[in-house]
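Here the structure comes first, spelled out in structure tokens, and everything after it is commentary.
The values are calculated or read from the model by the stated rules, or taken from the named source; none is laboratory data. Here the structure is a predicted model, which is why all the values come from computation and not from measurement. FYI the Cβ positions are ideal-geometry reconstructions off the backbone, even for glycines, and counts take in every protein chain you see. For the accessible areas, the whole protein counts, side chains as well, though only heavy atoms, and no ligand, DNA or RNA atoms are used. Shrake-Rupley method; radii C 1.70, N 1.55, O 1.52, S 1.80 Å.
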Amino acid sequence: MNYITEPEKQLPVCYEADVFVAGGSCTGVFAAVRAARMGAKVVLVERANCFGGTATAGLVNIWHSLKDTDYKNQVIAGLTGEMTERLEKSGSAILTDDPSTAIKFDPNRLKYELDKLVIEEKIKVYLHTICVGALCENDEIIAAIIENKDGRSAVKAKFYIDATGDGDLMKYLGVTSYRENTLQPPTPCFLWQGDLEGVDHRKLIAEHGSEFGLPDDFGWSEDVPGLPNITLRADFHVFGVDCSKADDLTYTEIEGRRKAYALTELLRKYSDADPRIVGLNSLAGIRETVHYKTKYKADGWDMLYGKRYDDAILQGTYRIDMHDKDGGVKFFYLNGKTVYMKGAERNYVFGNWREENGVAIPEAKYYQIPFSVLVQEQYKNIIAAGRMLNADPMAYGALRVMVNLNQLGEAAGVAAVTAIDSCGDVRKISGVDVRKKLISGGSAL
Ligand SMILES: Cc1cc2nc3c(=O)[nH]c(=O)nc-3n(C[C@H](O)[C@H](O)[C@H](O)COP(=O)(O)OP(=O)(O)OC[C@H]3O[C@@H](n4cnc5c(N)ncnc54)[C@H](O)[C@@H]3O)c2cc1C
């Protein structure tokens, strides 16, 4: 690669705050809200035109259950539930008895509710603003660099939260990272209007997909509450890409739109259905890119066995859900069940990990993750929260969903203020103390 030298220049400091948050999905917004509710002055920057990330710009409209696997006791508290109530009140969310689709919502309304939330909490926000760098002195970050319509400027804060999904801020700071050999592939989603009643679309895809450049692939779809006759479609992955790379991300977006229209054409040709695309995502649904090392790497078997921690900052029940590199999906449930599905017609294979491994200990009704999953060792004043988390592939399959990442966001907000109020060093604060504050602030049970 050739290089040219960018001339050194002075940057204006456009804002000073206690806490800076990069990335405004629910993970980032909830981190910002928690910090603001603890009295911090907070600034949040988001590169898109809205908050919500994958849940809004990516159109993914499902939050999983907040209850244990018996579906009786609530194990997840905090802003996911608060936001669900707001969405429900406006007729934009439906609660179901199915743990895997427990909370279905309209992504458009979520954008609007997140706008209202950040305004109510007096958080300084910048949309269409990308975080492009950071400045540090020794192990302390002193400014984040951002770019938007006003040009390039700096934001100074006491503590930084990276909620960019890919961990952009961590990358600029050179925090130790790793990538799995096989990344869970992205799925660009879209919205359809039209009735597929009586149409076996999975069979049609399996039979005619190759004519339209559609490989045999596992997909799913869901209603959108408040929008009759509209479905969210997540029919196709884009394989072999790493969406933290510019070329791969560009290819994924374009290939996603091509597949959406190809599927529509396939159904028009081979069935009586006449679906119309009424919405394309403005952000491809990215499942996995890079991970950053922290003191604790989440372990899938510890989760399945129900390991407990005094400093738990996350509780969950969402199954281990791993999308493989060529159209298969594997689920592991806490009760032992495993399911493997492959291709449009799914071709189920069932198993039981408890029986296969002779596990006699009682079944866990939910799993926990300790605070140290958020604590990197290189800098005193930054946390990354979101899908860049430190987890093995099985743990990652369960933790990457929003009810879980939302909790990481809330914990990051609380930990940021806890660090500012004490020694200023997140590596030295007590996870048990963070958990206590999460409970007293309504973020944990
Ligand atoms: C197709 C699909 C289906 C899924 N299904 C479900 C499901 O049913 N339920 C569920 O809970 N989860 C589901 N998931 C997983 C879940 O949606 C994601 O893992 C989760 O939303 C990731 O959240 P995040 O906050 O880490 O990242 P993101 O949602 O990717 O958010 C990152 C945010 O940061 C912004 N950003 C990025 N870089 C910068 C920067 N440099 N400066 C400023 N802003 C930046 C982005 O614009 C974005 O808003 C699904 C994922 C996919 C792809």
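Listing for the model above:
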| quantity | calculated |
| --- | --- |
| Neighbours by Cβ (under 9 Å, 6+ apart or cross-chain): first from the range 371-395, without any contact (Cβ under 8 Å) to a residue 60 or more places away in the chain and among the aliphatic types (A, V, I, L, M); second within 13 Å of the ligand (Cβ to nearest atom) and outside any loop (DSSP other than H, G, I, E, B) | none |
| Selection status of G386, open to solvent by less than 10 Å² (accessible area, probe 1.4 Å), under 16 Å from M38 (Cβ atoms) and assigned by TED's automatic domain parsing to the domain that holds W63 | no |
| Some residue of the range 322-332 being out of contact with any Cys (no Cβ under 8 Å at 6 or more places or on another chain), among the aromatic types (F, W, Y) and open to solvent by 30 Å² or more (accessible area, probe 1.4 Å) | no |
| Test result for L169, within 13 Å of the ligand (Cβ to nearest atom), crowded, with 16+ Cβ neighbours inside 10 Å and in a helix (DSSP H, G or I) | yes |
| Conditions (1) buried (at least 20 other Cβ atoms within 10 Å of the Cβ); (2) over 14 Å from the mean Cα position of the chain (by Cα); (3) modelled with pLDDT of 95 or more; number of the one not met by S422 | (1) |
| Selection from the range 186-206 of residues that are within 15 Å of the ligand (Cβ to nearest atom) and among the aliphatic types (A, V, I, L, M) | L191 |
| Meets criteria (buried (at least 21 other Cβ atoms within 10 Å of the Cβ) and either aliphatic (A, V, I, L, M) or under 30 Å from Y172 (Cα atoms) (or both)) for G300 | no |
| Residue in the range 116-139 that is more than 18 Å from L405 (Cβ to Cβ), among the polar types (S, T, N, Q) and surrounded by fewer than 20 Cβ atoms within 10 Å (Cβ to Cβ) present | yes |
| Members of the range 313-355 found to be among the small types (G, A, S) and outside any strand (DSSP E or B), listed by number | G327, G336, G343, A344 |
